[in-house]
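The values are calculated or read from the model by the stated rules, or taken from the named source; none is laboratory data. Keep in mind it's a predicted model, so treat the numbers as computed, not measured. Virtual Cβ from ideal backbone geometry, glycine too; neighbours counted across all protein chains shown. The protein model used for the area step is the full one, side chains on, heavy atoms only, and it has no ligands, DNA or RNA in it. Shrake-Rupley method; radii C 1.70, N 1.55, O 1.52, S 1.80 Å.
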Amino acid sequence: MPQQQLPAVSVIMPVLDEERHLRNAVRHILEQEYAGEMEVVIALGPSTDRTDEIAAELVREDPRVHTVPNPTGRTPAALNAAIKASRHPVVVRVDGHGMLSPNYIATAVRLLEETGAANVGGIMHAEGENAWEQAVAAAMTSRIGVGNAAFHTGGAAGPAETVYLGVFRREVLEAQGGYNEEFIRAQDWELNFRIREAGGLIWFSPELKVQYRPRPSVRALAKQYKDYGKWRHVVARYHSGSINLRYLAPPAAVCAIAAGLVVGAAVTPWGFAVPAGYLAAITAGSLPAGKGLPLKARAQIPVALVTMHMSWGTGFLTSPRSLARKVIASRRPAVRTAAAPAGK
């Protein structure tokens, strides 16, 4: 696409307690190999660390950076506040701990043009800075950890149910009313489902890569994945047909292991074969996942895998119906699907 036709881009960032990664994440945005106009809108939640101070420094250092308040601290509210405060025809979502590859925005704009998609996205490329984070990153990018999710494990470019983060046409976000603020988690999946239901195309491409920093502890990882499972069940309740076998595998594993433990303790020791078989499979699956990593990291991959599976499954099974009470309106506005320049 000729430089004079490149659409202006708004990058939106929901942040909360991101002092560790925020400056580096913004640097990866500002140093993008993209010749079009760009702005960065950071939605600030009620952080308890130096996030606000760092954000203020970034605003002073570069006129392209702006901030808006997000008093609730909830991700979808932050995203909607940043969308409202931004002004350009292409909207790029980035998290405060995500590092864009150098040509991410240029590639995404090209893909919007070539495919006519409503939203394009790529790979959540998890990378750790210590042994535990490296173990989690290996688990999050392995099939035994996340199944066949292309945005975790990679794959061929093509239509997808959802993508990591996303680069949107603004008119699509406006037509859908932005993110549903009831969905504290799984708001990406829920929005992409609505876009697809309205006729929009979600496009995955391995050309798009974002470095992701995993949670720094077992407890934080367990909370993250329990929330994922809990809110994915909410999406399934409100959007029939949005669930598949990959999402049912963790809750099925939790039920099978629990049943095996009960049978093993109360009826016959053969019941313990179920949890033992699961642990054996996890241990064997962690070997290829940890290839090339230090021994300390490889040893922790089974812990990361079990934490992810059991937490996601437990969250799915215990998801209360009181979550997200308001049923999403069944009448959806149409989404433009014809291939057209992203900036028009």
>> For the stretch 305-325, give me the residue count where each residue is open to solvent by less than 40 Å² (accessible area, probe 1.4 Å) and over 18 Å from Arg246 (Cα atoms).
In response: 2
> Does the stretch 91-103 contain any residue that is surrounded by 21 or more Cβ atoms within 10 Å (Cβ to Cβ) and more than 18 Å from Leu208 (Cα to Cα)?
Replying inline: no
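Results for (1) touching a Ser or Thr at 6+ places or on another chain (Cβ under 7 Å); (2) open to solvent by less than 80 Å² (accessible area, probe 1.4 Å); (3) in contact (Cβ under 8 Å) with a residue 40 or more places away in the chain, shown as yes or no for each residue.
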{"site": "Val263", "(1), (2), (3)": "no, yes, no"}
{"site": "Pro269", "(1), (2), (3)": "no, no, no"}
{"site": "Phe272", "(1), (2), (3)": "no, no, no"}
{"site": "Tyr278", "(1), (2), (3)": "no, yes, no"}
{"site": "Ile282", "(1), (2), (3)": "no, yes, yes"}
{"site": "Ser286", "(1), (2), (3)": "no, yes, yes"}
{"site": "Ala289", "(1), (2), (3)": "yes, yes, yes"}
{"site": "Ile301", "(1), (2), (3)": "yes, yes, yes"}
> Which one is surrounded by the fewest Cβ atoms within 10 Å (Cβ to Cβ) among residues in the stretch 211-240 that are of a type in the set (Lys, Arg) and not in a helix (DSSP H, G or I)?
Replying inline: Arg215
> What is the residue count in the stretch 104-125 for residues that are farther than 28 Å from Pro69 by Cβ, open to solvent by less than 10 Å² (accessible area, probe 1.4 Å) and among the small types (Gly, Ala, Ser)?
Replying inline: 4
>> What's the total number of residues in the stretch 68-85 that are of a type in the set (Val, Ile, Thr), outside any loop (DSSP other than H, G, I, E, B) and surrounded by fewer than 20 Cβ atoms within 10 Å (Cβ to Cβ)?
In response: 1
> Which of the residues belonging to the stretch 79-124 are over 20 Å from the mean Cα position of the chain (by Cα), of a type in the set (A, V, I, L, M) and more than 28 Å from Gly45 (Cβ to Cβ)?
Replying inline: Ala106
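Residue-wise test of (1) surrounded by fewer than 16 Cβ atoms within 10 Å (Cβ to Cβ); (2) under 17 Å from the mean Cα position of the chain (by Cα); (3) touching a residue at least 24 places away in the same chain (Cβ under 8 Å); (4) part of a helix (DSSP H, G or I).
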{"site": "Gly128", "(1), (2), (3), (4)": "no, yes, yes, no"}
{"site": "Ala137", "(1), (2), (3), (4)": "no, yes, yes, yes"}
{"site": "Ile144", "(1), (2), (3), (4)": "no, no, yes, yes"}
{"site": "Glu171", "(1), (2), (3), (4)": "yes, no, yes, yes"}
{"site": "Gly178", "(1), (2), (3), (4)": "no, yes, yes, no"}
{"site": "Ile184", "(1), (2), (3), (4)": "no, yes, yes, no"}
{"site": "Asp188", "(1), (2), (3), (4)": "no, yes, yes, yes"}
{"site": "Phe204", "(1), (2), (3), (4)": "no, yes, yes, no"}
{"site": "Lys209", "(1), (2), (3), (4)": "no, yes, yes, no"}
> Considering the stretch 9-61 alone, what residues qualify as being touching a residue at least 40 places away in the same chain (Cβ under 8 Å), buried (at least 21 other Cβ atoms within 10 Å of the Cβ) and in a helix (DSSP H, G or I)?
Replying inline: Leu22, Ala25, Ile29, Thr51, Ala55
> So is Ala258 surrounded by fewer than 18 Cβ atoms within 10 Å (Cβ to Cβ) and in contact (Cβ under 8 Å) with a residue 40 or more places away in the chain or not?
Replying inline: no
> Restricted to the stretch 241-255, and to residues that are modelled with pLDDT under 80 and in a helix (DSSP H, G or I), which residue is least open to solvent (accessible area, probe 1.4 Å)?
Replying inline: Tyr247
